[in-house]
Amino acid sequence: MASRHLAKEQPKTFAFSAEGEKQVKYWLKKYPKGKQRSAVIPMLWIAQKDHGGWVPEAAMRVIGDRLDMAYIRVLEVATFYTMFNLKPVGKHLIQVCGTTPCMLRGSGDLIKVCQSRIGSAGSISADGNFSWAEVECLGACVNAPMVQVSNSDGDLYYEDLDEASMNALLDELASGKAPIPGPRVDRVTSAPTGESITLTDASLFDGSRAKKLKKIPNAPAKTKKAAAPKKAAPKAKSATGKGGK
Ligand code: FES
C-alpha cells in the first residue's frame, strides 16, 4: 500500500487548465441541482491529470471551494482512494498488480525489475522518467501478471509480462516510444496463447451435428382457426328476372 501522506513540498496555488475546466463543467452539470459534491472524485482525477499525475493540497482546496465542501472532506476522499497520488510521480507511473493471480504468475519478478531500474516504491528515477507502486487487482487477472502505466497518453494495461518483457517495456517508454498496450505474448486479448487446443472440431459450430426438431420446446400451443361463416345461398330469380326483395 502506497503512503497516503501529503507531499512535504506543495505548490501554493492550483488552477484547472482550460481543458480541465471544460471537463469540470461537464461533470458539474451531470448531477442534479444540489448534488454537485458527487463530482468530487472526477474533479480530483482531472486535477491529477492537470498536475502531472498527482494531486496537490491546493487543488483539494480549490475543489472544496467549488463544491462548497469542507477541505477535510475532500482530503478524506483523496487519501482514501489509492488512484489519487498525493506526491509527485515520474513521467511514467508503473503500477504493478501484486494480488494473488498476478503474484502466482510472477509479479514478484516485475517488482524486482522496478526496484533495480527505478528504485524503491514511490521514489522517482534519477532521469525523472519513472516511478512505481504495487497496487491491488486491476481486473486483468486472466492476463496475469500485468502492470498499468499512467502517463500523458492515458492509463494503459500491459499484460502477460515476465522479467524480459518488463525490461523491454521500460526500454520502450524510456526511449520515448508509445508501446502498444495489451498482452506481451502471442495471443489476442485473453484468447489462448498460440493455436487453440480445445473446441477445435468444426462440426461443433457448423450445425452439422444438429438434429431436426420435431417441435420447438415450450412453444405456445397451436390454436384452431375459427371456422369461416357459411355463405348464404343465392336467392332464386323470380319469373320476371328481378331479384325479390
Ligand atoms: S490479480 Fe492482477 S489483475 Fe487481477
Practice item. Work out the length of the dipole vector of segment 18-80 about its Cα centre, built from +1 on the beta-carbon of each Lys and Arg and -1 on the beta-carbon of each Asp and Glu, and round it to the nearest 20 debye. Key: 380
Practice item. Any chance you could give the angle, 0 to 90 degrees and rounded to 10, that helix 71-80 forms with the longest Cα principal axis of the chain? Key: 80
Revision key, fill the gap. Note: segment 121-235, point scatterers on Cα, Debye, no solvent; log10 I/I(0) at q = 0.09, 0.14, 0.20, 0.23 Å⁻¹ equals -0.51, -0.77, -1.17, -1.38
Revision key, fill the gap. For the chain, longest principal axis from Cα atoms; helix 107-117 axis from its Cα atoms; angle between them, nearest 10 degrees, is 40
Exercise for review: State the extension gain, in nm to one decimal, for the chain segment bounded by Ser152 and Asn167, taking 0.36 nm per residue of separation less the distance between their alpha-carbons.
Suggested key: 3.3 nm
Practice item. Would you please classify the overall shape of the chain from the alpha carbon gyration tensor, given that a ≥ b ≥ c denote the square roots of the eigenvalues, rounded means a/c under 1.5, and beyond that prolate means a/b larger than b/c while oblate covers the rest? Key: oblate
Exercise for review: Starting with the highest mean, order 103-114, 30-41 by the number of other Cβ atoms within 10 Å, averaged over the residues of each peptide.
Suggested key: 103-114, 30-41
Check your understanding: Between Leu44, Leu173, Leu199, which gets the highest mean-square fluctuation from a Gaussian network model of the chain, Cα cutoff 10 Å?
Key -> Leu199
Revision key, fill the gap. Filtered hits (aspartates and glutamates, Cα-Cα < 19 Å from Lys35, offset >= 8 within chain) -> Glu21, Asp65, Asp68, Glu76
Review point. So what's the gap between the Cα centers of segment 35-89 and segment 168-213, to the nearest angstrom?
Key: 39
**Study point:** Two-site label geometry, Thr79 and Ser196: point separation in nm, points 7 Å out along Cα→Cβ
**Key:** 5.3
**Study point:** Radius of gyration and Dmax over the Cα atoms of segment 66-177, both given in Å
**Key:** 15.1, 50
Review point. Put +1 on the Cβ of each Lys and Arg and -1 on the Cβ of each Asp and Glu in the chain; which of Ser131, Ala121, Ile46 then has its Cα farthest toward the positive end of the dipole?
Key: Ile46
Exercise for review: Would you kindly state how much longer the chain becomes between Lys230 and Lys177 on full extension, computed as 0.36 nm times their sequence separation minus their alpha carbon distance, in nm to one decimal?
Suggested key: 10.6 nm
Check your understanding: Which of the cysteines in the chain are isolated, no other cysteine C-beta under 4.7 Å?
Key -> Cys114, Cys137, Cys141
Study note, to complete from the structure: Heads up, segment 1-109 by the C-alpha gyration tensor (a ≥ b ≥ c square roots of eigenvalues; a/c under 1.5 rounded, else a/b over b/c prolate, else oblate) looks prolate
Exercise for review: Could you pull out every one of the lysines with an alpha carbon less than 22 Å from that of Lys8, ignoring same-chain neighbours closer than 8 positions?
Suggested key: Lys49, Lys87, Lys91
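No value in this document is a laboratory result; all are computed from the given coordinates. As the structure is a prediction and not an experimental result, all values here were calculated from the model. No Cβ is skipped: glycine too gets one built from the backbone with ideal geometry, and neighbour counts run over all protein chains shown.
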